[in-house]
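Nothing in this text is a laboratory measurement; each read-out follows from the coordinates by a stated rule. Just so it is clear, the model here is predicted, and its values are computed rather than measured. Please note: Cβ atoms are built from the backbone with ideal geometry, for glycine as well, and neighbour counts cover all protein chains shown.
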Amino acid sequence: MIDTSAFKAVVGRFATGVTVVTTRDGQGNLAGLTANAFASVSVDPPMVLVCLDDGSQTYRHLKDAGSFAVHILAEGQEHLARRFADARRDKSLLVDWRVGDHGTPSLRHCLASMECRVVHQYRGGDHVIVVGEVERLHVDPEQDKPLLYYRGALGGLTLIRLRSGEREISWGGATQDAQRAAWSEEFTTATGITVVQEGPTDYDDFREAVRRDACRFDLLDVEADFAYRAAAEGLLEPLDFSIIDRTRLDPEFVFDHGAACFQFALVLACNEEAYPRRGPECWADLLNTRRFPGRRALYRAPSPGALEAALLADGVAAGELYPLDLPRAFAALDRVRDELVFWSYGAESQRMLATGDVSMGMFWHNRIYDLMKERAPVRMVWREHLAMVSYLVVPRGVENRRAVMNFIAHALSAGSQARFANLASIGPVNPAAMERLDPEVAPHLPTSHHDERVSLDLEWWARHGAEVAELWKAWLPAEK
């Protein structure tokens, strides 16, 4: 006698596409279910089959309606697969659909779809094999990759979907390419699990998706202040430290619901052509327009950095920054308000400094190092640099929990961290990676300037970030 679980496990090793079969209920509303038992039967006439549980409501509605539609899901449509796999969920909510030519509800934006008329039904154990003649075809030209199902997981032979953060610290471009080469590809080679990287994400959309149990990502790469806020809001899974070796990580950059995956720094930098004799040396020089005239650049987003730099420039000691004296910080920035220019993404900041649109300002260290490698006339100052990190966090209720934890452990290993640092010029969070760094790259990483860093209180930002954001937005000049 074959065990049912063993049979499912063996059949599950056959990778298939994923479809949603829809029909109409007695009131003409959308009904449907997720199915991977689908095949073409005949070319002339065009016929397909689907296997449906004979006890399902969808089969009863389909039998009464005499018609159905099959939708082949595209990569990224796991949310549809999960919604239609849950018999308890209202299928019409948050689903974009229309009534097809023959009265059958049809989903929009799938890889392809077929509207069918029922022509045969055959019983097969606890399922019914429904054969339909295809009467209408549709292909979405904007979709080209299928969603796959393998060993109980959705995602195109994908168990992990990694999404990068809302603000473009260095996500995307060379940094995301480095993450793929140093983390994802080697993990896939070792485990057979593919990691699909996408981005950016909207933090408000993420919150809403988790609260609706509809988050389609297994892992997110987010800014540190958001990691702490999301944990406080109950949006994250605790990390499994029986898989992730917490003892090998910098204790400053790991907590119960998140682990830093790389270090970067907000540094003071200048265009050397603006100051050929002597350039700025510390944040106090940011406020000194008499000795260092010219426009200054700051990051536009309401995140850690600008306010801390303003307080340091105004004489506050690094160890006494928190709680931030917000009126004093804004007053300090007001002294140079007319000289301030704001950037929103890394490439924009590089252009501002390299072309001389601004003379100095606050920048991400790796962006300045990239300009230095291109022999642009720029220089960065490591004194009082603000230590920043990007965190890996896991959404609450993730289905592929063990695979995700194994990926995090792999990404944070000494080898993976060193490979990523050498490719992206970004600091590792695993101290054991230091000895593996390229000697030409290492001096330009924040990990080589540990004694000059100013640590940020991310838990303070988690508690007060929303308040600061409102004040910052009210103070910030309108974007031109």
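Listing for the model above:
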{"item": "For the chain: relative contact order, % (alpha-carbon pairs under 8 angstrom, 6 or more apart)", "result": "15 percent"}
{"item": "Prolate/oblate/rounded call for region 213-271, Cα gyration tensor, a/c under 1.5 rounded", "result": "oblate"}
{"item": "Normalised contact order of region 258-412, rounded percent, pairs of Cα under 8 Å and 6 or more residues apart", "result": "43 percent"}
{"item": "Phi to ³J(HN,Hα) by Karplus 6.51 cos²θ - 1.76 cosθ + 1.60 over region 373-385, Hz, x for Gly, Pro", "result": "5, 8, 6, 6, x, 10, 9, 10, 10, 7, 4, 6, 5"}
{"item": "Packing rank of 20-30, 214-224, 410-420, 430-440, where each peptide gets the mean count of other beta carbons within 10 Å, highest leading", "result": "214-224, 410-420, 20-30, 430-440"}
{"item": "Sequence-distant residues sharing a close amide H with VAL41 (under 5 Å, placed H)", "result": "MET47, VAL48, LEU49"}
{"item": "Calculated P(r) tail over 45 Å for the chain, as whole % of Cα pairs", "result": "27 percent"}
{"item": "Separation in nanometres of the label points that stand 7 Å from Cα toward Cβ, at PHE7 and ASP204", "result": "5.0 nm"}
{"item": "For region 20-87: relative contact order, % (alpha-carbon pairs under 8 angstrom, 6 or more apart)", "result": "40 percent"}
{"item": "Amide hydrogen neighbours beyond the local backbone of PHE342, cut-off 5 Å, H modeled", "result": "LEU298"}
{"item": "Region 4-150: C-alpha gyration tensor shape, a/c 1.5 cut-off, then a/b vs b/c", "result": "rounded"}
{"item": "Global geometry of region 315-394, whether rounded, prolate or oblate, following the gyration tensor of its Cα atoms and the 1.5 cut on a/c", "result": "oblate"}
{"item": "Tail weight of P(r) past 14 Å, computed on alpha-carbon pairs of region 38-91, percent", "result": "67 percent"}
